[in-house]
Structures are given as C-alpha cells and as structure tokens.
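Undergrad: Sharing a structure, written as structure tokens. Questions coming.
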Amino acid sequence: MSFEQSLGFIISRTHAKMKNNLTKALKPYNVTPEQWAVLNRLWEQDGISQKELSEKSLKDQPTTTRILDKLEQRGLIRRQANPEDRRAFLIYLTNEGRDIRYPLINLARQALAQSLKGLSKEEQAELKNLLNRITDNLD
C-alpha cells in the first residue's frame with residue numbers, strides 16, 4: 001500500500017483541506033478555525049475556566065492562552081478573576097462575541113456542507129461512527 005493510500009495520510013489530508021475551507025469561510029470575520037473552536041465552547045458554556053476551555057477545545061494551555069489573547073484583543077472575550085481561585089481566570093464572551101455567533105455558525109455550516117457534498121445522511125452518520133470508533137480505540 002502506498003503512503004497516499006494509508007488511512008493516516010487520508011485523514012490528515014482531509015483534515016487539512018477541511019481546515020483550509022473553514023479558514024476561507026471565516027475570513028470575513030477575521031476568525032481562525034482555532035479561535036472558532038474556542039468560541040464554540042464559550043457559546044455552549046460562557047464563564048468557564050481557561051483550563052476547562054482548553055480541555056473542551058482539545059488544545060494545550062499555551063495554545064489556549066494565545067488564542068484567548070487574540071480574542072481579547074479583538075474584543076470578543078474578557079477574562080475575569082475566578083473568585084474561587086485568584087490564580088485562575090474565568091472566560092466570558094463580550095456582546096460582540098455573542099453577536100457573531102450565528103453569522104459564524106452559518107458560514108461554518110456552509111463550509112461543512114461543501115465538504116460533505118454527495119454523501120447521503122446515512123453515509124455521513126457511518127463516517128462519524130467509524131471515526132469515533134477509531135478515536136475510542138486510541139483512548
């Protein structure tokens with residue numbers, strides 16, 4: 001089997017192309033896919049710790065810190081001292097961070113739809129199932 005036909009290469013290539021597609025889709029809002037992942041977690045649960053945010057978005061602490069720095073500079077989030085642990089911060093969305101939720105979700109959905117074009121709902125469900133099983137095998 002050639003390297004190009006290996007499952008790892010195919011998954012990696014697919015990830016890179018999907019990420020590039022999402023990057024283009026989010027460009028009008030100057031949001032990266034990495035920032036998008038963090039914003040998504042905050043839209044689900046605002047006011048969580050940076051550590052929890054890092055875990056939920058599958059990013060290491062230094063990467064999360066850099067992403068939050070950029071989002072804070074853009075006025076999309078704010079950090080607030082955690083009253084239970086003065087060494088930690090809770091991360092909150094600003095009004096602007098909440099306001100861009102639906103426009104970004106629509107752009108991301110369009111990018112995903114482009115990626116999944118030609119796959120039936122059943123094929124999409126089976127693909128997710130298979131990828132989740134592979135992930136479970138590696139946990």
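The values are calculated or read from the model by the stated rules, or taken from the named source; none is laboratory data. These numbers were taken from a predicted model, which means no experiment stands behind them. Quick reminder, even Gly has a Cβ in these numbers, built from the backbone with ideal geometry, and neighbours come from all protein chains shown. Note: areas computed on protein heavy atoms with side chains; ligands, DNA, RNA excluded. Shrake-Rupley method; radii C 1.70, N 1.55, O 1.52, S 1.80 Å.
Undergrad: Out of region 95-126, which residues are of a type in the set (S, T, N, Q), more than 17 Å from LEU39 (Cα to Cα) and free of Cβ contacts under 8 Å to residues at least 12 places away in the same chain? Full working, then the answer.
TA: Start the filter on region 95-126 by keeping residues that are of a type in the set (S, T, N, Q), which leaves 95, 106, 110, 114-115, 120, 124.
Add one more test, that the residue is more than 17 Å from LEU39 (Cα to Cα), and what stays is 110, 114-115, 120, 124.
Matches in region 95-126: SER120, GLN124.
Conditions tested, residue by residue: (1) open to solvent by 70 Å² or more (accessible area, probe 1.4 Å); (2) within 22 Å of THR14 (Cβ to Cβ).
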position: ALA37; (1), (2): no, yes
position: GLU52; (1), (2): no, no
position: GLU55; (1), (2): yes, no
position: ILE67; (1), (2): no, no
position: LEU71; (1), (2): no, no
position: ALA81; (1), (2): no, no
position: ALA88; (1), (2): no, no
position: ILE91; (1), (2): no, no
position: TYR102; (1), (2): yes, no
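Undergrad: Test THR135 against the stated conditions and say whether it is over 18 Å from THR23 (Cα atoms), part of a helix (DSSP H, G or I) and open to solvent by 60 Å² or more (accessible area, probe 1.4 Å). Write out each step before concluding.
TA: On the way: over 18 Å from THR23 (Cα atoms): yes; part of a helix (DSSP H, G or I): yes; open to solvent by 60 Å² or more (accessible area, probe 1.4 Å): yes.
So THR135 fits the description; yes.
Undergrad: Checking ARG98 against (1) loosely packed, with under 11 Cβ neighbours inside 10 Å; (2) basic (Lys, Arg); (3) modelled with pLDDT of 95 or more, which test does it fail?
TA: Here ARG98 clears every test but (1).
Undergrad: So which residues in region 75-121 are under 18 Å from the mean Cα position of the chain (by Cα) and of a type in the set (Phe, Trp, Tyr), if there are any at all?
TA: TYR92, TYR102
Undergrad: Still on this structure, please answer the following. Please specify each residue of region 12-62 satisfying the condition of being among the β-branched types (Val, Ile, Thr) and either touching a residue at least 60 places away in the same chain (Cβ under 8 Å) or closer than 20 Å to GLN73 by Cα (or both). If you could, list the steps in order and put the result at the bottom.
TA: Going residue by residue through region 12-62, those that are among the β-branched types (Val, Ile, Thr) are 14, 23, 31-32, 38, 48.
THR23, VAL31, THR32, VAL38, ILE48 - these are the residues of region 12-62 that are among the β-branched types (Val, Ile, Thr) and either touching a residue at least 60 places away in the same chain (Cβ under 8 Å) or closer than 20 Å to GLN73 by Cα (or both).
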